[in-house]
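The values are calculated or read from the model by the stated rules, or taken from the named source; none is laboratory data. In this text the structure is predicted, and so the values were computed from the model without any measurement. With ideal geometry, Cβ positions are generated from the backbone for all residues, glycine too; neighbour counts draw on all protein chains shown.
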Amino acid sequence: MKKINLSIVIILSFVNLGYSQDGQAALDEIIKAWAAPNEFPDHVILSASEDPAHAIGINWRTHVENTAGYVEIAKAGPGPDFKNSSEKIPAKRVVINSSEATKDGFAASFFEVQLDQLIPNTLYAYRVGNDDFKSEWHQFSTAKETPSPLSFLYVGDAQNYILELWSRVIRNAYKKAPEADFFIHAGDLVNAAHDESEWNEWFAAGSFIHSEIPAVAVPGNHEYRGLDYKNPRENRELSVQWNAQFNFPTNGPKGLEETCYYVDYPDMRLIALNSNREIEQQAQWLDKVLSENEKKWTVLTYHHPVFSASTGRDNETLRSLWKPIFEKHQVDLALQGHDHSYSRGAVYEKPIAMERDKDQKTVLGPVYVVSVSGGKMYSLSEKGWGPYGATIGKKGERIQLFQHISIDGDRLIYQSFDATGALFDRFELHKKNGKNIYID
């Protein structure tokens, strides 16, 4: 199997910094060979399902000549004998050839299994592959069927210097919350939508984390690019790998499958939106999904912020269409990316009273967060959120971050940590009479 070592990191660093034209072609071939799959399964990843107590998605890829695969799964046990009760579930295969969409492209077999008859609150062991080549055994737990404490991780754009700099962020996130129920990636997972080496960096950086904590991902603008790598700005389409390597719910609007969807836990509905396409169509869908929502907590994730954090950015159309719906249905938390800096704040229900009495910090709609986890950084806007009626509680720039959110009953605790694991930001939401008290 391929080995990720320091020499690869150095090579990728040289590519990022620029290299002589004579040596570039040779480096391109080395990196393409590194990014390409072989007979052994790689890019093994779990995707959250609509019903995480009973279902989960599993995906992986191999060399294109592998035409069949399966998941082998059993209840996990304390010793090796759990394998004796395993069963094999055949996988659906699709071939993706990215050679026209990216200069480091190739054909590969992608495999997908949707498990939908799992037992709630159960630890499972699984591996993927075929009769000749298999992965190691991984483990995951299904959700409980009844309300119980829940925790999850969230990061903004990985995008640039992924293996070089993002690795320590996702790995420190795992160290902080190894029992997290799922992991949100709020868009721009890579810089060039179809680039095979960038996707391989993303999977290498997360390594086994991807195969043991279910992902919830939304596409950013960098997940859209032309299908002709010589004209990348023309006719932008979703990453050719996206639907083949992820296995998200298809309960969203038609045409936006696996980029707009929702996941239901007993006490929380998590809604993923695609802020790149069909904003108005999603607004109608979102209003309906929220009208039918009976969960105590509602969390949204999407890429482009309602209130921008960085200089020269503003998403006016998205704000005008989505923000009223967020407030109408009292969404609790909106987790965003795109701006390569950090801002966290909210719209207060009674801002004037709040200035006199800190106990009046009741929020109208969600607490909004913009965060970044990768190495690309932008400067903060001096404009702030005041012109839009919102108040920033914390901001920062040139800092790589990951977030851990936990929910227990009527209390939500949010914590943001930098790449070293140091606490950067924290707040709480307490539900009282159907409203959120914002404790900063």
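Determine which member of the set 105, 69 is crowded, with 16+ Cβ neighbours inside 10 Å and more than 25 Å from the chain's Cα centre (by Cα).
Numbers: 105 fails: more than 25 Å from the chain's Cα centre (by Cα).
Going through 105, 69 in turn, just one is crowded, with 16+ Cβ neighbours inside 10 Å and more than 25 Å from the chain's Cα centre (by Cα): 69.
Could you pull out the residue among 231, 247, 274 that is free of Cβ contacts under 8 Å to residues at least 12 places away in the same chain and not hydroxyl-bearing (Ser, Thr, Tyr)? Outline the logic, then answer.
On the way: 247 fails: free of Cβ contacts under 8 Å to residues at least 12 places away in the same chain; 274 fails: free of Cβ contacts under 8 Å to residues at least 12 places away in the same chain.
It is 231.
Regarding residue 174, is this residue in a helix (DSSP H, G or I), within 30 Å of residue 148 (Cβ to Cβ), out of contact with any His (no Cβ under 8 Å at 6 or more places or on another chain) and among the aromatic types (Phe, Trp, Tyr)? Talk me through it step by step, then tell me what you get.
Working: in a helix (DSSP H, G or I): yes; within 30 Å of residue 148 (Cβ to Cβ): yes; out of contact with any His (no Cβ under 8 Å at 6 or more places or on another chain): yes; among the aromatic types (Phe, Trp, Tyr): yes.
Taking the combined requirement at face value, the residue satisfies it.
Return the total of residues in region 26-82 being touching a residue at least 40 places away in the same chain (Cβ under 8 Å) and more than 22 Å from residue 251 (Cα to Cα). Let's see the steps before the verdict.
In the first step, residues of region 26-82 are kept if they are touching a residue at least 40 places away in the same chain (Cβ under 8 Å); the result is 28, 31-32, 34-37, 39-77, 82.
When the remaining residues are screened for being more than 22 Å from residue 251 (Cα to Cα), the result is 28, 31-32, 34-37, 39-44, 60-77, 82.
So the count comes out to 32.
Quick one: how many residues across region 156-168 are surrounded by 24 or more Cβ atoms within 10 Å (Cβ to Cβ) and not aromatic (Phe, Trp, Tyr)? Talk me through it step by step, then tell me what you get.
Of the residues in region 156-168, the ones surrounded by 24 or more Cβ atoms within 10 Å (Cβ to Cβ) are 156-159, 162, 166.
Pick out the ones that are also not aromatic (Phe, Trp, Tyr) and you get 156-159, 162.
Within region 156-168, residues that are surrounded by 24 or more Cβ atoms within 10 Å (Cβ to Cβ) and not aromatic (Phe, Trp, Tyr) number 5.
Looking at region 340-364, I want the residues that are not assigned by TED's automatic domain parsing to the domain that holds residue 189 and have a partner that is at pLDDT 85 or above with Cβ atoms under 7 Å, at least 6 apart or on another chain. Which pairs are those?
Sorted first by the residue in region 340-364, then by its partner, the list stays empty.
So in region 192-219, with the set limited to residues that are part of a loop (DSSP other than H, G, I, E, B) and of a type in the set (D, E, K, R), which one is surrounded by the most Cβ atoms within 10 Å (Cβ to Cβ)?
Start the filter on region 192-219 by keeping residues that are part of a loop (DSSP other than H, G, I, E, B), which leaves 192-195, 212-214, 218-219.
Narrowing further to those that are of a type in the set (D, E, K, R): 195, 212.
On the way: 195: 23, 212: 20.
Checking each candidate, the answer is 195.
Any residue in region 200-219 that's assigned by TED's automatic domain parsing to the domain that holds residue 55 and under 23 Å from residue 274 (Cα atoms): show its pairings with residues that are of a type in the set (Lys, Arg) and surrounded by 24 or more Cβ atoms within 10 Å (Cβ to Cβ) at Cβ separation under 9 Å, as long as the two are six or more apart or on different chains.
none
When only residues in region 128-161 that are under 14 Å from the mean Cα position of the chain (by Cα) and not charged (D, E, K, R) count, which is farthest from residue 264 (Cα to Cα)? I'd like the intermediate steps shown before the answer.
Here is the first cut: in region 128-161, the residues under 14 Å from the mean Cα position of the chain (by Cα) are 152-159.
Restricting the remaining residues to those that are not charged (D, E, K, R) gives 152-156, 158-159.
Working: 152: 14, 153: 16, 154: 17, 155: 20, 156: 22, 158: 26, 159: 28 Å.
Residue satisfying both the conditions and the ranking: 159.
Of all residues in region 265-311, how many are within 26 Å of residue 430 (Cβ to Cβ) and not hydrophobic (A, V, I, L, M, F, W, C)?
So the answer is 14.
So which of 165, 118 ends up being assigned by TED's automatic domain parsing to the domain that holds residue 68, touching a residue at least 40 places away in the same chain (Cβ under 8 Å) and outside any strand (DSSP E or B)? Lay out the reasoning, then the answer.
Working: 165 fails: assigned by TED's automatic domain parsing to the domain that holds residue 68.
Only one candidate passes the filter, namely 118.
Name the single residue that is nearest to the chain's Cα centre (by Cα) among those in region 48-64 being assigned to a strand (DSSP E or B) and more than 18 Å from residue 125 (Cβ to Cβ).
Taking region 48-64 first, the residues assigned to a strand (DSSP E or B) are 56-63.
Remaining after also requiring more than 18 Å from residue 125 (Cβ to Cβ): 61-63.
Values: 61: 19, 62: 23, 63: 26 Å.
Within region 48-64, the match that is nearest to the chain's Cα centre (by Cα) is 61.
So residue 133 passes all but one of these: (1) hydrophobic (A, V, I, L, M, F, W, C); (2) closer than 30 Å to residue 374 by Cα; (3) outside the structural domain of residue 226 (by TED's automatic domain parsing). Which condition number does it fail?
Only one criterion in (1) hydrophobic (A, V, I, L, M, F, W, C); (2) closer than 30 Å to residue 374 by Cα; (3) outside the structural domain of residue 226 (by TED's automatic domain parsing) is unmet by residue 133, namely (2).
Only one residue in 298, 259 is of a type in the set (S, T, N, Q), surrounded by 24 or more Cβ atoms within 10 Å (Cβ to Cβ) and either more than 19 Å from residue 183 (Cα to Cα) or touching a residue at least 12 places away in the same chain (Cβ under 8 Å) (or both), so which one is that? Before the answer, list the steps.
On the way: 298 fails: surrounded by 24 or more Cβ atoms within 10 Å (Cβ to Cβ).
None of the other options fit; the residue is 259.
Return the residue satisfying two criteria in turn: it lies in region 382-403 and is farther than 19 Å from residue 335 by Cβ and either basic (Lys, Arg) or buried (at least 18 other Cβ atoms within 10 Å of the Cβ) (or both), and of such residues it is modelled with the lowest pLDDT.
At the first step, the residues of region 382-403 found to be farther than 19 Å from residue 335 by Cβ are 382-384, 386-387, 389, 398.
Applying the additional criterion that residues be either basic (Lys, Arg) or buried (at least 18 other Cβ atoms within 10 Å of the Cβ) (or both) yields 383, 398.
Values: 383: 87, 398: 97.
The qualifying residue modelled with the lowest pLDDT is 383.
Which of the numbered conditions does residue 84 fail, given that it passes all the others? Conditions: (1) surrounded by fewer than 17 Cβ atoms within 10 Å (Cβ to Cβ); (2) part of a strand (DSSP E or B).
Here residue 84 meets the rest and fails (2).
Yes or no, residue by residue, for (1) among the aromatic types (Phe, Trp, Tyr); (2) out of contact with any His (no Cβ under 8 Å at 6 or more places or on another chain); (3) assigned to a loop (DSSP other than H, G, I, E, B); (4) more than 27 Å from residue 364 (Cα to Cα):
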| site | (1), (2), (3), (4) |
| --- | --- |
| 249 | no, yes, yes, yes |
| 255 | no, yes, yes, yes |
| 262 | yes, yes, no, no |
| 294 | no, yes, yes, no |
| 305 | no, no, yes, no |
